[in-house]
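These notes are about the structure you will find just below.
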Amino acid sequence: MTPLIHRDLHPRNLDLLPVSIRRVASLAAAETRTLAQALHARDLMETPTLSRSQQMAFLAVFFPVLDPARIPRLEDLSARARQDIASADVALNAIFQLRKEGEIGFSLWPRVWPWVDFIHTHRQQLEDHIDFLPERDFYVSFALFLGSYFINQATCDLISATPGFWACVVKFIGE
């Protein structure tokens, strides 16, 4: 049985976007996306004429990009795997930027954390292959993202109980 996702993560939210942006957003959300499409969607997310609800519709673009099943083994750094890692980095940073308070974190966290943990654990090994957001910026954005979800007790409990989470926080604080 497929778990229910928060309504703000549902693909139908792309219908809130203007048609010209919706096309790009749909391509970026597709399983066959390219890094260029993910970057283009992230750039369009910052279009000044978009309303807040239209910007939040981009959660439905970046949520599928963070499918943990796409996390590669380090032995498999094929072009597709590198593209998936780089696209996930773009998606994480977009989601960190979109911060939406409340219960949505409960649906986001099971996708956000595996990618954060993967990038956190393997960043140095991957930096020759992936053009990541600078490490300090990544952790600051992650901390701000967390702050918006610690308001919801259930999400706070989920995040706090995640294996490896506190080790990641300690590394960030030590930077």
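Some observations on this one:
- Test: residue in region 158-171 that is outside any helix (DSSP H, G or I), exposed (fewer than 15 other Cβ atoms within 10 Å of the Cβ), in contact with a Leu (Cβ under 9 Å, 6 or more places away or on another chain) and not polar (S, T, N, Q): no
- Residue 33 of a type in the set (Lys, Arg) and either in contact with a Gly (Cβ under 9 Å, 6 or more places away or on another chain) or surrounded by fewer than 18 Cβ atoms within 10 Å (Cβ to Cβ) (or both): no
- Qualifying positions in region 1-30 - under 17 Å from the mean Cα position of the chain (by Cα), surrounded by 13 or more Cβ atoms within 10 Å (Cβ to Cβ) and of a type in the set (D, E, K, R): 8
- Among the residues of region 50-66, the ones that are surrounded by 15 or more Cβ atoms within 10 Å (Cβ to Cβ) and in a loop (DSSP other than H, G, I, E, B) come to 4 in all.
- Only one of the numbered conditions (1) among the charged types (D, E, K, R); (2) touching a residue at least 12 places away in the same chain (Cβ under 8 Å); (3) assigned to a loop (DSSP other than H, G, I, E, B) is not met by residue 136, and that is (3).
- With respect to the conditions (1) surrounded by 17 or more Cβ atoms within 10 Å (Cβ to Cβ); (2) part of a loop (DSSP other than H, G, I, E, B), residue 86 lacks only one, and its number is (2).
Every read-out reported here was derived from the displayed coordinates using simple, explicitly stated rules and does not represent laboratory data. Please read all numbers here as calculations on a predicted model, not as lab measurements. Every residue, glycine as well, gets a Cβ built from its backbone with ideal geometry; the counts of neighbours run over all protein chains shown.
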